[in-house]
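Undergrad: There's a structure below that I have some questions on.
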Amino acid sequence: DEKEKFEPTVFRDTIVQGLNEAGNDLEAIAKFLDATGSRLDYRRYADTLFDILVAGSMLAPGGTRIDDNDKTKMTSHCVFFADEDHDAIRNYAQVNKG
């Protein structure tokens with residue numbers, strides 16, 4: 001019985017790349033997340049996925065981002081970068097619960 005490696009940084013890079021390629025289209029982001037869910041183990045990487053969808057990258061204990069300001073490891077398609085109005089946040093919430 002071989003154990004699967006836990007690689008949250010590889011997971012992060014895959015998700016961030018897909019989100020960035022989807023552009024500002026929330027429908028395209030939702031489709032990407034839906035399609036990727038069949039390939040990637042969202043349950044195993046739930047904390048990492050949550051960090052990305054809310055903060056734009058993985059978070060270290062204490063809440064600082066783990067991306068070293070490397071644009072390939074972060075996305076602006078997240079709640080923290082959304083417009084500060086009710087409709088924008090609701091749209092992101094609907095994508096995230098997809």
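Undergrad: Among 55, 88, 28, whose mean-square fluctuation peaks in a Gaussian network model of the chain (Cα, cutoff 10 Å)?
TA: Of 55, 88, 28, the most mobile in the Gaussian network model is 88.
Undergrad: Taking all protein chains in place and a 1.4 Å probe, what share, in percent, of the accessible surface of the chain do carbon and sulfur account for?
TA: Carbon with sulfur: 49 percent of the solvent-accessible area.
Undergrad: Could you report the chain's accessible area per residue, 1.4 Å probe, as an integer in Å²?
TA: In whole numbers, the chain has 68 Å² accessible per residue.
Undergrad: Hey, another quick one. Given the -39500 (n - 2.57) contribution per DSSP H run of 4+ residues, what per-residue ellipticity at 222 nm results for the chain, rounded to the nearest 500 deg cm²/dmol?
TA: -15500 deg cm²/dmol
Undergrad: Sticking with the crude label model, points 7 Å out along Cα→Cβ, report the distance from residue 34 to residue 20 in nm, one decimal please.
TA: Simple spin-label model gives 2.5 nm for this pair.
Undergrad: OK, next. Could you list the chymotrypsin sites (Phe, Trp or Tyr not before Pro) in the chain that lie in coil according to DSSP, counting only those with at most 13 other Cβ atoms within 10 Å of their Cβ?
TA: Counting only loop positions with at most 13 other Cβ atoms within 10 Å, the chymotrypsin sites (Phe, Trp or Tyr not before Pro) in the chain are 6.
Undergrad: Continuing with the same structure: At 0.36 nm per residue, and after removing the present C-alpha to C-alpha distance, how many nm does the segment from residue 46 to residue 5 gain when stretched out fully?
TA: 13.2 nm
The values are calculated or read from the model by the stated rules, or taken from the named source; none is laboratory data. If you're wondering where the values come from, they're calculated on a predicted model, not measured in any experiment. Note: ideal-geometry Cβ built from the backbone for every residue, glycine included; neighbour counts use all protein chains shown. The accessibility values were calculated without ligands, DNA or RNA, using every heavy atom of the protein model including side chains. Shrake-Rupley method; radii C 1.70, N 1.55, O 1.52, S 1.80 Å.
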